[in-house]
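*Asks:* I'd like to ask some things about the structure below.
The values are calculated or read from the model by the stated rules, or taken from the named source; none is laboratory data. Nothing here was measured: the structure is a model prediction, and the numbers come from that model. Neighbour counts run over all protein chains shown; Cβ positions are idealised from the backbone, glycine included.
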Amino acid sequence: MKILRITRNFYPLVGGQENHIYNSSRRIVLNGHEVHVLTLMPQKSLPRHEVRDGIFIWRAPTIFQSLYNTRIRLLFFIFSGLVECVKINRQGGNFDIVIGHDYWSGIIGYLSSRIIFKSRFIYFSHGVFQKVLGRLSRSLEVIFFRLLPFDYLVCVDDGTGGNSFFLNKIKVKKDAFSFIRHGIDTSYFQKHFPGSQEFLRAKYEISDPSLIVISTSKVNSIKGIRYAVSGYIKFLESYTDHSNFVICNDPCDGEFEEWKVINELIDQSRFKKNFVFTHSLEHGEVRNLLGISDVWVSMATYSNLGNALLEAMSCSLPVIVSDVGGTSTVVIDGVTGILVGDKDTSGFSKKLLYLAQHRSEREKMGHNARNFVTSNFSWDTRVDTELKIYRKTLDQQ
């Protein structure tokens with residue numbers, strides 16, 4: 001089976017959607033199939049085409065390099081993406097299935113599957129934005145699915161009710177729809193120290209010794225990083241030992257305002273030296289930092305159910321997260337982590353102080369967290385499910 005996945009963001013960028021596509025593709029390749037990924041060119045220094053872990057990566061150029069995920073840049077992505085599809089086809093590239101991983105990619109996927117590749121088209125919804133769309137966007141979304149019909153739709157369960165939205169609002173046919181859970185490669189994401197902890201601490205200028213609190217979520221308003229930062233500052237008012245808060249991502253989807261709010265909170269405090277910004281990292285570097293960290297945190301305002309949470313739990317980290325969406329189905333309070341109220345920065349700081357002062361509790365919760373993820377989010381099961389969907393779509397021709 002030959003598969004083309006189209007997504008606006010991909011390696012070396014990291015995040016829930018990017019990590020899912022990368023790891024899913026890597027596993028599908030190991031199952032004997034061919035996977036290509038068409039994406040935007042995030043950095044001019046990157047090659048236009050490369051093969052990584054058996055995945056063929058095609059990067060569509062954009063003349064709007066400085067505009068990060070704005071509508072203008074994404075409109076150009078549709079044009080340049082279709083041009084790239086024509087080039088791929090002329091080089092002998094053809095596909096059994098084309099997959100669009102967001103609206104903009106979906107437009108490219110639909111048009112290329114129908115006109116260029118004559119293949120089946122699958123729309124892959126990654127979730128949380130379903131919850132935050134306004135009325136106008138909702139209306140446009142309905143129009144989108146009416147004008148660009150898919151052969152099959154897959155929705156990842158991120159705890160925001162995507163299944164209800166698609167079945168009840170969009171009226172997707174049940175025999176052309178699957179609602180699936182995230183998967184995680186627990187053999188890859190585990191406590192792992194490639195070299196000494198001292199080396200990693202020195203590399204990222206993390207004080208030694210110190211309690212390391214980490215966030216690997218994207219920086220945008222729905223991820224609630226500002227509330228985690230505010231809660232951490234309150235925590236430092238009571239915590240007398242060394243500690244660092246490592247933030248491992250850049251502002252995404254053009255949300256530089258959120259980045260500005262975070263930096264203002266830090267600048268107005270007296271704890272600026274306690275914050276470490278690594279910006280976007282490769283998958284291996286994310287795992288390495290999770291491996292030396294003590295607590296993973298997220299104060300998302302809609303749901304925390306994403307790959308970032310599962311990666312942290314798989315690395316045996318206790319987590320402190322906001323009790324929103326379907327988060328409590330994975331984070332069992334006091335067992336696999338700790339739940340706090342939505343935007344409750346005071347509660348966050350108190351729970352973090354408790355974990356900071358009770359190492360045995362951190363270790364117990366981290367152990368339980370890994371066991372839970374290993375038992376319930378098998379990557380092999382997830383990939384098998386995806387492949388069955390792809391085969392079913394082909395059988396329906």
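Yes/no per residue for (1) acidic (Asp, Glu); (2) out of contact with any strand residue (DSSP E or B) (no Cβ under 7 Å at 6 or more places or on another chain); (3) in a helix (DSSP H, G or I):
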{"site": "Ile222", "(1), (2), (3)": "no, yes, yes"}
{"site": "Tyr227", "(1), (2), (3)": "no, yes, yes"}
{"site": "Ser230", "(1), (2), (3)": "no, yes, yes"}
{"site": "Lys234", "(1), (2), (3)": "no, yes, yes"}
{"site": "Thr240", "(1), (2), (3)": "no, yes, no"}
{"site": "Asn244", "(1), (2), (3)": "no, no, no"}
{"site": "Val261", "(1), (2), (3)": "no, yes, yes"}
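Yes or no, residue by residue, for (1) modelled with pLDDT of 90 or more; (2) in contact with a Cys (Cβ under 8 Å, 6 or more places away or on another chain); (3) of a type in the set (Gly, Ala, Ser):
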site	(1), (2), (3)
Val172	no, no, no
Arg181	no, no, no
Gln197	no, no, no
Leu200	no, no, no
Val213	yes, no, no
Ser221	no, no, yes
Ile225	yes, no, no
Ala228	yes, no, yes
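*Asks:* Related question: Within the stretch 356-368, is even one residue surrounded by fewer than 15 Cβ atoms within 10 Å (Cβ to Cβ), under 20 Å from Lys223 (Cα atoms) and in contact (Cβ under 8 Å) with a residue 40 or more places away in the chain?
*Replies:* no
*Asks:* Since Tyr204 meets every condition but one in (1) modelled with pLDDT of 90 or more; (2) in contact with a helix residue (DSSP H, G or I) (Cβ under 8 Å, 6 or more places away or on another chain); (3) of a type in the set (Ser, Thr, Tyr), which condition does it not meet?
*Replies:* So the condition that Tyr204 fails would be (1).
*Asks:* Taking the stretch 183-220, which residues are in a loop (DSSP other than H, G, I, E, B) and either aliphatic (A, V, I, L, M) or in contact with a His (Cβ under 7 Å, 6 or more places away or on another chain) (or both)?
*Replies:* Ile206, Ser207, Pro209, Ser210
*Asks:* Identify, by number, the condition in (1) out of contact with any helix residue (DSSP H, G or I) (no Cβ under 7 Å at 6 or more places or on another chain); (2) at pLDDT 75 or above; (3) part of a loop (DSSP other than H, G, I, E, B) that Gly159 doesn't meet.
*Replies:* In the conditions (1) out of contact with any helix residue (DSSP H, G or I) (no Cβ under 7 Å at 6 or more places or on another chain); (2) at pLDDT 75 or above; (3) part of a loop (DSSP other than H, G, I, E, B), Gly159 misses (1) alone.
*Asks:* Another one. Failed condition for Asp208, given (1) over 27 Å from Trp379 (Cα atoms); (2) in contact with a Lys or Arg (Cβ under 8 Å, 6 or more places away or on another chain); (3) crowded, with 22+ Cβ neighbours inside 10 Å, with all others met?
*Replies:* (3)
*Asks:* Just checking, which of Glu285, Glu311 is at pLDDT below 95, surrounded by 22 or more Cβ atoms within 10 Å (Cβ to Cβ) and among the acidic types (Asp, Glu)?
*Replies:* One residue alone meets the criteria, Glu311.
*Asks:* Suppose the filter is within 28 Å of Tyr302 (Cβ to Cβ), aromatic (Phe, Trp, Tyr) and in contact (Cβ under 8 Å) with a residue 40 or more places away in the chain; does Tyr239 pass it?
*Replies:* Taking the combined requirement at face value, the residue does not satisfy it.
*Asks:* Further question on the same structure: Collect the residues in the stretch 168-179 that are surrounded by 16 or more Cβ atoms within 10 Å (Cβ to Cβ) and either over 17 Å from Phe144 (Cβ atoms) or in the same structural domain as Asn307 (by TED's automatic domain parsing) (or both), keeping them in residue-number order.
*Replies:* Within the stretch 168-179, Ser178 is the sole residue that qualifies.
Yes/no per residue for (1) under 15 Å from Leu310 (Cβ atoms); (2) at pLDDT below 95:
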{"residue": "Val324", "(1), (2)": "no, yes"}
{"residue": "Thr327", "(1), (2)": "yes, yes"}
{"residue": "Val331", "(1), (2)": "yes, no"}
{"residue": "Gly334", "(1), (2)": "no, no"}
{"residue": "Val340", "(1), (2)": "no, no"}
{"residue": "Gln357", "(1), (2)": "no, no"}
{"residue": "Glu361", "(1), (2)": "no, no"}
{"residue": "Thr374", "(1), (2)": "yes, yes"}
{"residue": "Phe377", "(1), (2)": "yes, yes"}
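*Asks:* Residue under question is Asn249, and the condition is that it be closer than 17 Å to Ser217 by Cβ, assigned to a loop (DSSP other than H, G, I, E, B), not assigned by TED's automatic domain parsing to the domain that holds Leu13 and not hydroxyl-bearing (Ser, Thr, Tyr); does it hold?
*Replies:* yes
*Asks:* Considering only the stretch 340-370, state which residues are among the hydrophobic types (A, V, I, L, M, F, W, C) and within 18 Å of Ser230 (Cβ to Cβ).
*Replies:* Val340, Phe348, Leu352, Leu353, Leu355, Ala356
*Asks:* Still on this structure: Does Phe165 count as crowded, with 19+ Cβ neighbours inside 10 Å and not assigned by TED's automatic domain parsing to the domain that holds Tyr22?
*Replies:* no
*Asks:* Regarding Lys191, is this residue without any contact (Cβ under 8 Å) to a residue 12 or more places away in the chain and among the basic types (Lys, Arg)?
*Replies:* Criteria not met by Lys191.
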